[in-house]
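K.L.:
After the structure tokens below, expect a handful of questions from me.
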Amino acid sequence: MATLLELKQILKSYYVKFEFYITLVWKFFLTLITLNVINSEIGCQEALTSPIIVLMCSLLCAILPQVFIVILSCLFVVAHLWALSMETAVIALAVFLIMYLLYYRFSPNDAIVLILTALCFGIHIPYVMPIAVGLFGSVYSVVSVIFGIVVYYYLNYISDNTSIFISGTSGDDSSAAVISRVQSIVDGVFASKVMISVIVVFAITTILVYILRRLSINYSWDVAIVTGTLTLMIGTLVANVVSNAGFSVAGVIIGSLFAGLLMKGLEFFAFNLDYKRIENVQFEDDDYYYYVKAIPKVAVATPDRKVKQINRATTPHTEERDERRDKVVSKTHGQATRTAASSSASHMQHSRPSGSSYGRTQQTRSRTANSHVTNGRQTRSNAGTGSQRSNRSE
């Protein structure tokens, strides 16, 4: 566990340090995958299927805000459908305008959920989205999940019935034929019991997971993940029986369990709390009395490891080069030592007088000292002689 916590801290530090570049990379790859999936499903406009066009659009969306990924994807879909038939393009454009005017105009950051929902359906892991949106999004993000389901089923229906619309564009263009094709789209997509049942199950799961993870109970995220997984599994199986959708029972169970385990792994990086150290705090002010429940996050300090190389394998040529380098270093050190000694000696010579003047100064000092000593002795002897003479006169 300690190793995983250290890995988490390292990943978080690297993400904070390189957040700008990581954002560019994931937006580029998300746009690239989305456009390639659209081209593979309904690639009716040959000019847009060019790898150069796809690459340039992906690079452009990497430096633009997230909402431009959705806008560019919608433009690709409308262009492909227009090359297929006018009815499909008009209906798709009407759906996109309704989505924008009703929701994404006020909450543009949730637009990326639409793309992810449709992609997860395309790669057969749709059960991840309701649990993930309930854990990491808001309650209003369920609208993006619903729109993503509608877009997926619409494109899937057009892809499976392309021959109907191709024959319609090349043959009869009367009003009756147009109305017949529009009615087939409405009956096959918007009135489909399978799509409606999936929307209901995913919406209930998303809202339930969001409510549970917001509760102030211990292990709220774990409770939300387990409850969401069971709700998604049971609801999908019931919808499969009611709407005769033809879902694989094993696929539903395995997909739901996979979604729950994946969200548990994401919880470790996003919401890992230490419930053993819960603190309940109470305080008040002039107007309110507060009851606060504080739960610390689980975190460890990343060790600062320094690797010191002690021994290393060397070849004979490397050893010879090392010996020559050591000799050069020792010679340089000896020359530096001799230079420092000579410079110190010259400094001493400059700091004191020359030899002759120094000698003469010492001789003068000794002579002065001797004269002082002699004068002292003569003074004492004269004093003694004077005392003797006085005694004799007495």
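The values are calculated or read from the model by the stated rules, or taken from the named source; none is laboratory data. Fair warning: this is a prediction, and the values are worked out from it, not measured in the lab. Note that each Cβ is placed from the backbone with ideal geometry, even for glycine, and that neighbours are counted across all protein chains shown. Just so you know, the surface numbers come from the protein's heavy atoms only, side chains and all, with ligands and any DNA or RNA stripped out. Shrake-Rupley method; radii C 1.70, N 1.55, O 1.52, S 1.80 Å.
K.L.:
Take residue 217 and decide whether it is of a type outside the set (Lys, Arg), assigned to a loop (DSSP other than H, G, I, E, B) and either over 18 Å from residue 124 (Cα atoms) or open to solvent by less than 60 Å² (accessible area, probe 1.4 Å) (or both).
P.N.:
Considered against the rule, which asks whether it is of a type outside the set (Lys, Arg), assigned to a loop (DSSP other than H, G, I, E, B) and either over 18 Å from residue 124 (Cα atoms) or open to solvent by less than 60 Å² (accessible area, probe 1.4 Å) (or both), residue 217 comes out as yes.
Each row is one residue, and each column tells you yes or no for (1) in contact (Cβ under 8 Å) with a residue 60 or more places away in the chain; (2) touching a Ser or Thr at 6+ places or on another chain (Cβ under 8 Å); (3) of a type in the set (A, V, I, L, M); (4) closer than 19 Å to residue 116 by Cα.
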| site | (1), (2), (3), (4) |
| --- | --- |
| 38 | yes, yes, yes, yes |
| 41 | yes, yes, no, yes |
| 52 | no, no, yes, no |
| 65 | no, no, no, yes |
| 76 | no, no, no, yes |
| 79 | no, no, yes, no |
| 87 | yes, no, no, no |
| 91 | yes, no, yes, no |
| 95 | no, no, yes, yes |
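K.L.:
Limited to the stretch 215-230, what total is found for residues that are more than 16 Å from residue 256 (Cα to Cα) and aliphatic (A, V, I, L, M)?
P.N.:
Summing the residues that are more than 16 Å from residue 256 (Cα to Cα) and aliphatic (A, V, I, L, M) in the stretch 215-230 gives 2.
K.L.:
Still on this structure, please answer the following. I'd like the full set of residues that are closer than 19 Å to residue 218 by Cβ, open to solvent by less than 70 Å² (accessible area, probe 1.4 Å) and of a type outside the set (S, T, N, Q), limited to the stretch 261-285.
P.N.:
Result: 263, 267, 268, 270, 271, 273, 274, 275, 278, 281.
K.L.:
How many residues are over 26 Å from the mean Cα position of the chain (by Cα) and surrounded by fewer than 15 Cβ atoms within 10 Å (Cβ to Cβ) if we restrict to the stretch 29-40?
P.N.:
1
K.L.:
Please go through the stretch 225-244 and give me each residue that is open to solvent by less than 30 Å² (accessible area, probe 1.4 Å) and either in contact with a Lys or Arg (Cβ under 8 Å, 6 or more places away or on another chain) or basic (Lys, Arg) (or both), ordered by number.
P.N.:
Within the stretch 225-244, 225, 243 qualify.
K.L.:
Shifting gears a bit: Which count do you get for residues in the stretch 201-214 that are touching a Gly at 6+ places or on another chain (Cβ under 8 Å) and either of a type in the set (Val, Ile, Thr) or open to solvent by 70 Å² or more (accessible area, probe 1.4 Å) (or both)?
P.N.:
6
K.L.:
Need a quick list: helices (runs of 4 or more DSSP H) entirely within the stretch 69-187 having at least 3 residues that are modelled with pLDDT of 85 or more and open to solvent by 70 Å² or more (accessible area, probe 1.4 Å).
P.N.:
86-99
K.L.:
Filtering the stretch 41-57 down to residues that are assigned to a helix (DSSP H, G or I) and open to solvent by less than 90 Å² (accessible area, probe 1.4 Å), which residue is farthest from residue 267 (Cα to Cα)?
P.N.:
For the stretch 41-57, the residue satisfying everything is 47.
K.L.:
Now, a different point. Which of the residues spanning the stretch 13-28 are in a helix (DSSP H, G or I), free of Cβ contacts under 8 Å to residues at least 24 places away in the same chain and either of a type outside the set (S, T, N, Q) or open to solvent by 50 Å² or more (accessible area, probe 1.4 Å) (or both)?
P.N.:
14, 15, 16, 17, 19, 20, 21, 22, 26
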